[in-house]
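**Q** Before I ask anything, here is the structure I am working with.
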Amino acid sequence: MPVQPRTPPGVLELLPPQQLAFQHMLDTIRRGFERFGFLPVETPVFELADVLLTKSGGETEKQVYFVQSTGALKQADGKPPELALRFDLTVPLARYVAEHEAQLNFPFRRYQIQRVYRGERNQKGRYREFYQCDIDVIGKDSLPLAYDAEVPAVIYGIFRELAFGKFTIYLNNRKLLRGLLTATGVADDRQHDVLHEIDRLGKQSREDITARLVGEGFGLDPARVARLFDLMTGHAGDAAGTFAALRAFDTQDPTFAEGLAELERVYQGTLALGVPPAALQPNLAIVRGLDYYTGTIYETLLDDHPRLGSICSGGRYDNLASHYTKSRLPGVGISIGATRLFSQLLEMGIVGAAGRAVADVLVLCVEPALALDYARLATTLRDAGLNVEVYGGDDKLGKQFKYADRSKIRLAVVYGSREQADGVVNLKDLHAPAGSPQHVVPLADLVGAVKRLLG
């Protein structure tokens, strides 16, 4: 009995028309990264386990896939595997920068578009294999705040070109958040837990979160909590109002002042890079990366589809590779979870199958005896930069035209003994209305005529 073909759960496997649309999305992201001068980096799909897991733990370590050959498995004798699949692109980047530090030019601007792997539970919207598209700017000892302002401009350029609908890039600052919590009476050792609660704003009711913060678990003053939440949510969509309220906030905390100054500089710097105010807003309820980010933080949402969550997020961190080097390597970056985003947009009908084929032209097999002529015609068109497919069988022309139509190929080249004798080629625009005339052109004008028809 044949084995039933099936894909494992937690992967996104597409048919060619959808795969072309996904590839278009990745290519657009890549162009957007390169437009700002970011350099491509690829790291191995697996890393040495002791290197990869140096800074992980908890749920992340439980989701790691370990790699072992059958030969190594026999020789393992109970020892843990030496290799593990990467679960994100950040840890491999840290290893990469620390290992090649002497050869890299700082600030180091890198982009990486690769698959990562996590042992997620099988559920909708969760993937075990998925693409991440990351950029980071890594400094040595220090990194100017100007790079924090540049990152949202990269995001804006990419999502404007992708045209998924209106979107907003939200900014916050972790120093500002810490200063606000200090002014609210939250001790340093409890700020982590309180930020967890604040991160639930928009997902749970303000009343429920407040009840936990003023209850026995935290014991915060109700009036201070109310003032904090009023400040965080009271000026949504109003950048000027948000900054005015922050400047008027009654605190002398230096961390708050530093965070506010950074947030204003990043906001104004991003506007100067051409991002319109309608697409850029401060949002004090953004928390992100509770143990990782130290300054600016970003989230990007589609305005008409907030339930998708953030489609692009990231921020500033103090020291990328502290587990691998004594050098101080601060940085700022963002990540786009391309697989999850595409699958959700596909399900919602916001993106669909590609509307055109890879091939621009199909050379039909009118007469099998002219097979070498068809090969030469295709070569001439390919040499001119066109994508060309040659129909290899000797099926009836009706079947060949049907193949071209299903493949969404725009032009068909019809060339038989009659055309050969007259020194011409017959071009048929398969996207033209029914009954439209074919285009008979001199053989010497084949390339020019095809390019004119394709526009």
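The values are calculated or read from the model by the stated rules, or taken from the named source; none is laboratory data. Because the structure is predicted, anything quoted here is derived from the model rather than measured. Cβ placement follows ideal geometry from the backbone for every residue including glycine, while neighbour counts extend to all protein chains displayed. What goes into the accessible areas is simple: the full protein's heavy atoms, side chains included, and nothing from ligands, DNA or RNA. Shrake-Rupley method; radii C 1.70, N 1.55, O 1.52, S 1.80 Å.
**Q** If packing is taken as the average number of other Cβ atoms within 10 Å across a peptide's residues, how do 98-105, 445-452 rank, most packed first?
**A** 445-452, 98-105
**Q** Give the lysines reachable from K408 as a straight Cα distance under 22 Å; neighbours fewer than 8 places away on the same chain don't count.
**A** Here the lysines satisfying the reach criterion relative to K408 are K396, K399, K428, K451.
**Q** As an exercise, find the ratio Rg/Rh for the stretch 240-377 from alpha-carbon atoms, using the Kirkwood inverse-distance average for Rh.
**A** 1.25
**Q** How high is the FRET efficiency from L443 to S205, r the C-beta distance, R0 60 Å, rounded to 0.05?
**A** 0.25
**Q** Also, I was wondering about something else. Obtain the nm distance between the two label points defined at L454 and Q63 by a simple spin-label model: each point lies 7 Å from its Cα along the Cα-to-C-beta direction.
**A** 4.2 nm
**Q** P(r) for the stretch 127-228, please, calculated from all Cα pair distances in 10 Å bins and given in %.
**A** Calculated over all Cα pairs of the stretch 127-228, the distribution is 11, 31, 26, 25, 7 percent.
**Q** What is the chain's relative contact order, in percent, from Cα pairs under 8 angstrom and six or more apart in sequence?
**A** Relative contact order for the chain comes out at 16 percent.
**Q** Debye sum, Cα scatterers, the chain, no solvent: what log₁₀ I/I(0) at q = 0.06, 0.11 1/Å?
**A** These q points yield log10 I(q)/I(0) values of -0.39, -0.99.
**Q** In whole Hz, with x marking every Gly and Pro, tabulate ³J(HN,Hα) for the stretch 138-149 from phi via Karplus 6.51 cos²θ - 1.76 cosθ + 1.60, θ = phi - 60°.
**A** For the stretch 138-149, the Karplus-derived couplings read 10, x, 10, 6, 8, 8, x, 5, 4, 5, 5, 6 Hz, x marking Gly and Pro.
**Q** Continuing with the same structure: When ligands, DNA and RNA are left out and all protein chains stay put, how many square angstrom of accessible area per residue does the chain have with a 1.4 Å probe?
**A** Computed with neighbouring chains in place, this is 51 Å² per residue.
**Q** Another question, then. Would you work out what percent of the accessible area of the stretch 307-359, with all protein chains in place, is carbon or sulfur (probe 1.4 Å)?
**A** 47 percent
**Q** At a 1.4 Å probe radius, carbon and sulfur cover how many percent of the accessible area of the stretch 119-259?
**A** 46 percent
**Q** Roughly what would the spin-label model give for E367 and V45, points 7 Å off Cα along C-beta, in nm?
**A** Each label point lies 7 Å from its Cα, and together they span 4.9 nm.
**Q** Can you give me the Cα centroid spacing of the stretch 352-412 and the stretch 98-148 in angstrom?
**A** Rounded to whole Å, the Cα centres lie 41 Å apart.
**Q** When all protein chains stay in place, what accessible area (Å², nearest 10, 1.4 Å probe) is found for H323?
**A** 100 Å²
**Q** Show log10 I(q)/I(0) for the stretch 74-174 at q = 0.14, 0.21 Å⁻¹, two decimals, from a solvent-free Debye sum over equal Cα scatterers.
**A** Per q value, in the given order, log10 I(q)/I(0) is -0.82, -1.27.
**Q** Next question, about the same structure. Whole-Hz Karplus ³J(HN,Hα) for the stretch 301-312, in order, using 6.51 cos²θ - 1.76 cosθ + 1.60 and θ = phi - 60°, x for Gly and Pro?
**A** Residue by residue, the stretch 301-312 yields 10, 6, 4, 8, 9, x, 5, 5, x, 5, 9, 6 Hz.
**Q** Let me ask another. Using Cα pairs closer than 8 Å and at least 6 residues apart in sequence, work out the relative contact order for the stretch 274-385, in percent.
**A** 14 percent
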